[in-house]
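Each reported figure results from applying straightforward, stated rules to the coordinates on display, with no laboratory input. The model shown is predicted, which means the values in this text are computed figures rather than measured ones. As a convention, Cβ positions derive from the backbone with ideal geometry for all residues, glycine included, and neighbour counts pool all protein chains shown.
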Amino acid sequence: METEIRASRSTDARPGGRFAHVYRILTEAIAARAFPGCAFGVLAKDAVLLEDALGGSTYEGDAFPVLPTTPYDVASVSKVLATTAAVMLLVQRGMLDLDSPLGEFLPGFVVGRPSRERARHVTVRHLLAHNSGLPGYAALFQTASTPDALLKACLQLPLEAEPGARSQYSDPGFILLGKALEVVIREPLDTWVQRQIFQPLQMSTTGFNPAPRMRAPIPPTEIDPSFRRRRIQGEVQDENAWVMNGVAGHAGVFSNVPDLLRYAGAVIAAGKSDESFFSRQIVEEFAERQGPEGSSRALGWDTPSADSSAGRYFSRHSIGHLGYSGCSLWIDLDAEVAVVLLTNRTWPDRKSQLIREVRPALHDAIREALAPSND
């Protein structure tokens with residue numbers, strides 16, 4: 001199945017047009033060194049209204065200009081592009097139950113740990129909702145040097161709360177979810193999502209582990225001074241994912257603006273025809289907040305909170321995700337609007353946090369430009 005998106009870039013997609021304020025925000029962000037460059041896009045209904053890019057790959061004189069088609073390391077946006085999308089399809093096809101215990105797929109998560117009873121109750125749903133009780137992050141790469149060793153260390157992480165009792169965004173949870181999916185699909189996660197998701201949606205640039213010959217046009221994410229001790233370009237920035245040979249449930253996907261808009265278009269078009277990639281039922285189920293009270297997390301996706309990176313205008317019925325590298329995807333299911341922002345804000349050293357100010361301002365400017373009074 002293929003999702004058709006009318007690539008009708010608006011004549012307003014220029015610095016002096018309808019989106020002038022958008023360009024101003026991004027130009028000022030580059031000048032303030034929030035990131036060296038960015039690619040961005042807007043989808044409304046089934047039309048691409050904006051696909052453009054500003055700035056360069058780095059701040060150095062030999063930087064190459066960023067293009068709308070430039071691939072980026074999307075970091076944790078991988079969680080919705082690959083892992084969550086895979087779960088959505090598997091549930092939709094009747095191949096996976098969200099309430100299946102993780103221990104059914106990965107017995108090592110339960111066997112041999114002191115909190116065996118607690119671990120036995122952790123389900124796929126808990127991992128998606130980030131309320132499994134697992135810690136938010138663990139630098140497993142510091143002691144694990146192989147994929148098997150890292151998985152074993154992840155399986156042994158302590159459960160810090162009862163499943164469902166605490167909301168804690170968890171990379172380890174998605175590492176384990178990715179490995180559980182491989183048990184279900186009986187093949188590596190990267191090859192399955194390439195064949196079952198990226199290819200059918202014509203996401204021709206998207207995937208894990210870009211080939212060495214494809215890395216030169218990818219903006220570098222950082223100069224790593226302590227672990228790999230080199231410039232990181234065209235390989236996953238996340239160290240745990242790197243130890244897992246670049247394929248993990250929490251990070252590792254590279255993508256560009258056109259591909260992400262295609263993916264968003266498939267989500268927005270869910271259930272509209274017999275050819276829809278996702279069913280409306282599955283999108284609605286995964287867009288529903290899971291709890292506990294106060295958590296903005298749905299199943300795999302985030303939803304807007306009071307101080308959301310999506311700004312003020314994305315409805316409660318919106319889903320999205322951020323990436324540590326400075327990338328984001330937000331989809332308003334009511335307005336049928338999607339916004340993509342791709343940056344390498346971690347260049348050269350991860351220190352800049354200005355992206356936190358840029359994201360809500362950008363989304364507000366885009367939604368204001370799309371308001372009926374501006375048509």
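Figures for the structure shown
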| quantity | calculated |
| --- | --- |
| FRET efficiency for residue 280 and residue 187, using Cβ-Cβ distance with R0 set to 30 Å, rounded to 0.05 | 0.60 |
| Spin-label model distance (nm) - residue 139 vs residue 227, 7 Å beyond Cα toward Cβ | 0.9 |
| FRET E, pair residue 117, residue 93, Förster distance 41 Å, beta-carbon r, rounded to 0.05 | 0.80 |
| Dipole moment magnitude, nearest 20 debye, segment 115-181 about Cα centre, only Lys, Arg, Asp, Glu C-beta charged | 160 |
| Nitroxide proxy distance, nm - points 7 Å out along Cα→Cβ at residue 202 and residue 306 | 4.4 |
| Mean-position separation - Cα centroids, segment 122-150 and segment 201-226, in angstrom | 24 |
| Listed residues 61, 133, 291, most fluctuating in the chain (Gaussian network, C-alpha, under 10 Å) | 61 |
| Distant alpha-carbon pairs in the chain (separation over 41 angstrom), percent | 8 |
| Förster radius 25 Å - calculated FRET efficiency between residue 357 and residue 21 (Cβ-Cβ, nearest 0.05) | 0.95 |
| DSSP-assigned coil residues among chymotrypsin sites (Phe, Trp or Tyr not before Pro) in segment 92-177, each with at most 13 further Cβ atoms within 10 Å | 137 |
| Greater than 27 Å apart at Cα, pairs in 152/351; 79/351; 45/179; 79/272 | 152/351; 45/179 |
| Cα→Cβ-extended label distance, 7 Å offset, between residue 315 and residue 211, nm | 4.3 |
| Hydrodynamic radius of segment 284-375 per Kirkwood, over alpha carbon pairs, in Å | 13.9 |
| Span-like helix ranges in the chain, DSSP H, alpha carbon extent 15 angstrom or more, Kyte mean at least 0.5 | 20-31, 171-185, 257-268 |
| Extension reserve of the residue 273-residue 148 stretch, reckoned as 0.36 nm per residue once the Cα distance is removed | 40.7 nm |
